[in-house]
1. Are any residues in the range 21-38 in a helix (DSSP H, G or I), among the small types (Gly, Ala, Ser) and touching a Lys or Arg at 6+ places or on another chain (Cβ under 8 Å), and if so, which ones?
2. When you scan the range 40-49, do you find a residue that is in contact (Cβ under 8 Å) with a residue 12 or more places away in the chain, closer than 21 Å to Ile201 by Cβ and surrounded by fewer than 21 Cβ atoms within 10 Å (Cβ to Cβ), even just one?
3. Within the range 133-147, how many residues turn out to be part of a loop (DSSP other than H, G, I, E, B) and surrounded by fewer than 19 Cβ atoms within 10 Å (Cβ to Cβ)?
4. Name the residue, out of Arg340, Arg261, Arg363, that is closer than 29 Å to Val180 by Cβ, touching a Phe, Trp or Tyr at 6+ places or on another chain (Cβ under 9 Å) and without any contact (Cβ under 8 Å) to a residue 40 or more places away in the chain.
5. Kindly provide the set of residues from the range 39-69 that are over 30 Å from the mean Cα position of the chain (by Cα) and assigned to a helix (DSSP H, G or I), ordered by number.
6. Give the residue, chosen from Ser75, Ser18, that is assigned to a helix (DSSP H, G or I), assigned by TED's automatic domain parsing to the domain that holds Asn150 and either surrounded by 15 or more Cβ atoms within 10 Å (Cβ to Cβ) or not hydrophobic (A, V, I, L, M, F, W, C) (or both).
7. Restricted to the range 323-352, and to residues that are among the charged types (D, E, K, R) and not in a helix (DSSP H, G or I), which residue is surrounded by the most Cβ atoms within 10 Å (Cβ to Cβ)?
8. Evaluate the following for Ala276: is it over 14 Å from Ile200 (Cα atoms), in contact (Cβ under 8 Å) with a residue 40 or more places away in the chain, touching a Phe, Trp or Tyr at 6+ places or on another chain (Cβ under 9 Å) and assigned to a loop (DSSP other than H, G, I, E, B)?
Amino acid sequence: MTDQLAYALITPYSLFKSRTGGIIGRLLACPELDLVATRMYVLSDAFLDRYREILCPAATEPAIRQAWQDYIDRSLRQRNPWGYLPRCMFMLFRGDNAVQRLKEDVIGGFTDQPLGDTVRGTFGDFIRDDTGHIHYFEPAVITCPIPDLNNDHLKLFADYALSDGGVLTGRIDYDTPPQVSLVMLKPDNFYRPSRRPGNIIDTFSLTGLRIVAAKLFGMTVAQGEQFYGPLKDIFVDRLRFLVSNTAYDRLQDAFDFDFTRDDADAIADRLAERNATTEFNKIVEYMTGVHPESIDPQDKSTAGEARCLALLYEGPDAIEKIRTVLGSTDPSKAEPGTVRSDFGRDLMRNGAHASDSPENALRERNIVGLAETETDTCDVKEMIDAYLA
């Protein structure tokens, strides 16, 4: 077995046309590949000058090599004919022979036949005219074509991860002032390889908003308690009636005297906070994979076993648009066609979380590590540097 890191770079045109979800669904459905990191990039000329020279193997057909170099210069540079911000989504995978498996089994090569069995077959275009000249070229996803070049490719992305990658808010022009909403795909979407995360992202594409940040996020218990902290006080009041009803149902016939609703309410007053803490801990355990009371409090800042995918969506009225497509908290009551109606299971496992206000979006971004400013490293850089060491 050869454990490798391999990457897929979703192209600006694929992102611009909101094909992102469909592509991600294909990438994540491969059972032999494990997604370990993701990051948004807007690639600099310095990066692209180096990338275009190492992208193709030496034996590549000259016409194909030229098509790749022309594509990089036309579609990936910040000065491009369409005037859009050339956002790319970088996804890092780990697995046995990951480079070859990702390229051949999932992303695919180029063919004149319109086959949809690979990512490029479905979302890319490769059209030659009668003379063999390449008339149109859109790869949809870029990856390393052969293992021999993989380390050079990965090192380049690591070297430019901080300067060219990260949170891209405020760099796209809109007709009206934009908002930023945090969306977090919850852990049950990642328990096993599936298309679910991609299908959910595809549903959010109905908003017309732009993805401007992405991070595969392992929430710690401390972060979970901070993220969902506002719910704890809400649970004390909103769940009090459930404690009262349970007490009344269980105790109304338990004594030789009348057990009244007032008695049940008195018990609820005593137990409401304990019940709220229990329900709160269930949410933290679901989001982190660790029960808060099962570990030493000093370990809360590092304890976490579950994964989420955090995304920032930007555009006018982003909060309302995302919440509309997300649907009601209870999947059984969510509107048909919404994320929670299609992918939710219950009140907790309801597919995704989304910010409910600009203020909460900012608070939540800071917790999951998608704030405006970053530290001097990131998960993509750390993983690649460790792999190449």
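The values are calculated or read from the model by the stated rules, or taken from the named source; none is laboratory data. Note that this is a predicted model, so its numbers are computed, not measured. Positions of Cβ are generated from backbone atoms using ideal geometry, with glycine treated the same way; all protein chains shown enter the neighbour counts.
1. So the first thing to find is which residues in the range 21-38 are in a helix (DSSP H, G or I), and the list is 21-28.
Next cut, among the small types (Gly, Ala, Ser) only: 21-22, 25.
Within the range 21-38, Gly25 is the sole residue that qualifies.
2. Taking the range 40-49 and keeping what is in contact (Cβ under 8 Å) with a residue 12 or more places away in the chain, we get 40-48.
If we keep only those that are closer than 21 Å to Ile201 by Cβ as well, we get 40-42.
From what is left, the residues that are surrounded by fewer than 21 Cβ atoms within 10 Å (Cβ to Cβ) are 42.
Yes, the conditions are met somewhere in the range 40-49.
3. In the first step, residues of the range 133-147 are kept if they are part of a loop (DSSP other than H, G, I, E, B); the result is 133, 139-140, 143-146.
Adding the requirement that they be surrounded by fewer than 19 Cβ atoms within 10 Å (Cβ to Cβ) leaves 133, 146.
Looking only at that region, the number is 2.
4. On the way: Arg340 fails: touching a Phe, Trp or Tyr at 6+ places or on another chain (Cβ under 9 Å); Arg261 fails: closer than 29 Å to Val180 by Cβ.
Only one candidate qualifies: Arg363.
5. Just the residues of the range 39-69 that are over 30 Å from the mean Cα position of the chain (by Cα), to begin with: 53, 57-67.
Of everything in the range 39-69, those that are over 30 Å from the mean Cα position of the chain (by Cα) and assigned to a helix (DSSP H, G or I) turn out to be Glu53, Pro62, Ala63, Ile64, Arg65, Gln66, Ala67.
6. Working: Ser18 fails: assigned to a helix (DSSP H, G or I).
It is Ser75.
7. Of the range 323-352, the ones among the charged types (D, E, K, R) are 323, 330, 333, 335, 340, 342, 345-346, 349.
Still in the running and not in a helix (DSSP H, G or I): 330, 333, 335, 345-346, 349.
Details: Asp330: 13, Lys333: 11, Glu335: 12, Arg345: 12, Asp346: 9, Arg349: 15.
Restricting to residues being among the charged types (D, E, K, R) and not in a helix (DSSP H, G or I), the top hit is Arg349.
8. Values: over 14 Å from Ile200 (Cα atoms): yes; in contact (Cβ under 8 Å) with a residue 40 or more places away in the chain: yes; touching a Phe, Trp or Tyr at 6+ places or on another chain (Cβ under 9 Å): yes; assigned to a loop (DSSP other than H, G, I, E, B): no.
Against the criterion (over 14 Å from Ile200 (Cα atoms), in contact (Cβ under 8 Å) with a residue 40 or more places away in the chain, touching a Phe, Trp or Tyr at 6+ places or on another chain (Cβ under 9 Å) and assigned to a loop (DSSP other than H, G, I, E, B)), Ala276 does not qualify.
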